[in-house]
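Here the structure comes first, spelled out in structure tokens, and everything after it is commentary.
Just so it is clear, none of the values below were taken in a lab; they were calculated from the coordinates. The model shown is predicted, which means the values in this text are computed figures rather than measured ones. Counting neighbours? That spans all protein chains shown, and the Cβs are built from the backbone with ideal geometry, glycine included.
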Amino acid sequence: MKYDIKKIRAIPILDIANRLGLEFNGKNKTRCMRPERHRNGDADSSLSYDSKRNVLHCFACGLDLDGVELVKQVQGNNFREACQFICDNFNITIFPQSKLKPQPKSTTISLQDKKRAVNFHKALVTNFDDLKSRGKIPRCWTLKVVKDLQVGFDLSEDCITYLHFNEKCEPVNIRWHKKKSITGHGGTIFYPVQALYSTYSKNRLLILAEGEKDVVTLQSMGFQAITCTNGAYSIPKDISPLSGFKIIIIIYDHDKAGEDGALKFAQRLSEDFQK
Ligand SMILES: [Zn+2]
């Protein structure tokens, strides 16, 4: 069965909370499900309704719940069961799997784009010291990491380029730093996903950073690092490549997107791996 996530997310979360029997006080607050994470175990009503994002948010422990997550928390459901609960309660049509459009796969880039990527990489390697001295790339970047990751520089756009690979180390996208992707190739994957399958050790610390630039920086400093290719809120559909890593630290930006995104990813990690 396939659940219409857009429609599920559009259901007002207070209506879902109501179906779950949660009680709210006059300030649209209810009790958080994990008071053990609050200072002094404070069990006051701390889960607040955020109408803008249609979520319940706890300022004491950072818990952030959309409708599906709320159902999961309260009823102990998995994702599928939680979707089913909401669809059943709010008359959302469920489609049989067969009627679905196939998911677009991350396909390899064209020969022409491969040639562009090679040229961008050559440009960065050739002008490495000059670009550094002009502040166009971070000072700490090492040539070895730049070569390992095939990082490039588009001189005409004055912009760093990152070559995204799939797990077989085939190129699937070029990302211009904070700008664009190749049309039709911009799906969310891990960068550099190939390292998760080859060079990275599961016994060593893995850092999840907010962007490719941070990954190159962290690798240059000797760390194992990855990022999700579409920013703080993005998570690849399949996070199984992270399975088995003993310690994963999320280091996102100190802003709203970074904090929310980090929390979202941490929740996903605990759902997928801590059972
Ligand atoms: Zn809380």
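As a calculated quantity, the FRET efficiency between T93 and S45 at R0 = 35 Å, using C-beta atoms, amounts to about 0.50.
Based on the Cβ-Cβ distance of F273 and R34, what FRET efficiency does E = 1/(1 + (r/R0)^6) give at R0 = 25 Å, to the nearest 0.05? According to the calculation, E is roughly 0.85.
The peptide list 247-260, 217-230, put in order of mean Cβ contacts within 10 Å with the highest first, becomes 217-230, 247-260.
Extending 7 Å from the Cα toward the beta-carbon at both T126 and D15 defines two label points whose distance is 6.0 nm. If R0 is taken as 25 Å, the Cβ-Cβ distance between I249 and F59 corresponds to a FRET efficiency of 0.60.
For K2, the amide hydrogen comes within under 5 Å of the amide hydrogens of F95, Q97, counting only partners 5 or more places away or on other chains and with H modelled in the peptide plane. In plain terms, the residue of D4, D130 with the fewest other Cβ atoms within 10 Å comes first and the most crowded comes last, giving D130, D4. Rounded to the nearest Hz, the phi-derived 3J(HN,Hα) couplings of region 242-248 under the Karplus curve 6.51 cos²θ - 1.76 cosθ + 1.60 (θ = phi - 60°) are 7, 4, x, 5, 6, 10, 10, where x marks glycine and proline. Close amide-amide hydrogen proximity is noted between I250 and L208, each under 5 Å apart and 5 or more residues distant or on a separate chain (H modeled in the peptide plane; Pro and chain starts excluded).
In this structure the amide hydrogen of F153, modeled in the peptide plane, comes within under 5 Å of the amide hydrogens of H121, A123, L124, T161, none closer than 5 places in sequence on its chain. Taken about its Cα centre, the chain carries a charge dipole of about 560 debye when Lys and Arg each add +1 at the Cβ and Asp and Glu each add -1 at the Cβ. Residue by residue, region 9-17 carries 3J(HN,Hα) couplings of 5, 7, 5, x, 5, 5, 5, 5, 4 Hz when phi is fed to the Karplus relation 6.51 cos²θ - 1.76 cosθ + 1.60 (θ = phi - 60°); x denotes Gly or Pro. Calculated mean residue ellipticity at 222 nm for the chain: -9500 deg cm²/dmol, from DSSP H runs with n ≥ 4 weighted as -39500 (n - 2.57), summed, divided by the residue count and rounded to 500. Histogrammed with a bin width of 5 Å, the alpha carbon distances of the chain distribute as 1, 5, 11, 13, 15, 14, 12, 10, 8, 6, 4, 2, 0 percent, first bin at zero.
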